[in-house]
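The values are calculated or read from the model by the stated rules, or taken from the named source; none is laboratory data. Please read all numbers here as calculations on a predicted model, not as lab measurements. As a convention, Cβ positions derive from the backbone with ideal geometry for all residues, glycine included, and neighbour counts pool all protein chains shown. Side chains included, ligands, DNA and RNA excluded: accessible areas come from the protein's heavy atoms. Shrake-Rupley method; radii C 1.70, N 1.55, O 1.52, S 1.80 Å.
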Amino acid sequence: MARSKEEVVQEFRVQSIRDAAMRVIARKGMAAATMQEIADEAGVAKGTIYLYFRDKESLFQELVRTMLSPVVGALEAARTADLPARAVAEAIVDLFVREIFSTRRKDVIRLIIAEGPRFPKLAEFYYHEVIERVTAAMRALMTRAVARGELPNDALARFPQLLIAPALVAIVWSSLFERFAPLDVRELMGAHIDILFGKRTAT
């Protein structure tokens, strides 16, 4: 069913507000950013934002949901692929580099790391929307790998956080130290896979 002109305009307005919020919050931080600054950035009246979002935290939650949920869904789908665990892990690295690290999604994760202690409800929301789902998917994948004999022990099944830890290191590094020592994220994560699964042998 075709959408009405009003629905299209409304969707465009909400997307403009989300984009503006991302720019302002990434630039100033969650605590310092104001709804007025977001409204000015979006080119709308401050009251317009409140037609769609209750407050700044609910707006940021919407950013997490719209920006990261498609990637999380792709990671959840990875556990159903009938492929060796290493091949799936390499595909996840590629997904992270292309769809998170090379996009504004990286800024969402960086902001959660930086602002989460001051905004515990945001941290809880992010945990349930992203961390909990990704961890469950990785645990299922690694448990299957152990059962197939692809791993020498069950450490990765018990602690799937080990698989994704370099992604967080890369985001923190890019925020704090990139200007001093640029990091090749794909090479970093590839080296990590070699450590976890053993160096790939030539065929």
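Below is a table of values for the structure above.
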{"quantity": "Segment 184-203, residues that are in a loop (DSSP other than H, G, I, E, B), modelled with pLDDT under 95 and not β-branched (Val, Ile, Thr)", "calculated": "198, 199, 200, 202"}
{"quantity": "Residue in segment 143-158 that is more than 18 Å from the chain's Cα centre (by Cα), of a type in the set (Ser, Thr, Tyr) and not in a loop (DSSP other than H, G, I, E, B) present", "calculated": "yes"}
{"quantity": "Extreme residue, most open to solvent (accessible area, probe 1.4 Å), among residues of segment 4-26 that are modelled with pLDDT of 90 or more and among the β-branched types (Val, Ile, Thr)", "calculated": "14"}
{"quantity": "Where a residue in segment 2-29 is without any contact (Cβ under 8 Å) to a residue 12 or more places away in the chain and its partner, wherever it lies, is aliphatic (A, V, I, L, M) and surrounded by 13 or more Cβ atoms within 10 Å (Cβ to Cβ), with Cβ under 9 Å and at least six apart", "calculated": "27/33"}
{"quantity": "Every residue from segment 59-88 that is touching a Phe, Trp or Tyr at 6+ places or on another chain (Cβ under 7 Å) and open to solvent by 30 Å² or more (accessible area, probe 1.4 Å)", "calculated": "61, 62, 86"}
{"quantity": "So residue 98, is it in a helix (DSSP H, G or I), surrounded by 14 or more Cβ atoms within 10 Å (Cβ to Cβ) and either among the basic types (Lys, Arg) or free of Cβ contacts under 8 Å to residues at least 40 places away in the same chain (or both)", "calculated": "no"}
{"quantity": "Residue satisfying condition, being at pLDDT below 95, in a helix (DSSP H, G or I), of a type in the set (A, V, I, L, M) and open to solvent by 40 Å² or more (accessible area, probe 1.4 Å), within set 32, 91, 137", "calculated": "91"}
{"quantity": "Cβ pairs under 7 Å, 6+ apart, first in segment 162-175 and in contact (Cβ under 8 Å) with a residue 40 or more places away in the chain, second in a helix (DSSP H, G or I) and of a type in the set (S, T, N, Q)", "calculated": "none"}
{"quantity": "Tally, over segment 148-203, of residues that are among the β-branched types (Val, Ile, Thr) and open to solvent by less than 90 Å² (accessible area, probe 1.4 Å)", "calculated": "6"}
{"quantity": "Test result for residue 131, surrounded by 15 or more Cβ atoms within 10 Å (Cβ to Cβ), under 21 Å from residue 91 (Cβ atoms) and of a type outside the set (Asp, Glu)", "calculated": "yes"}
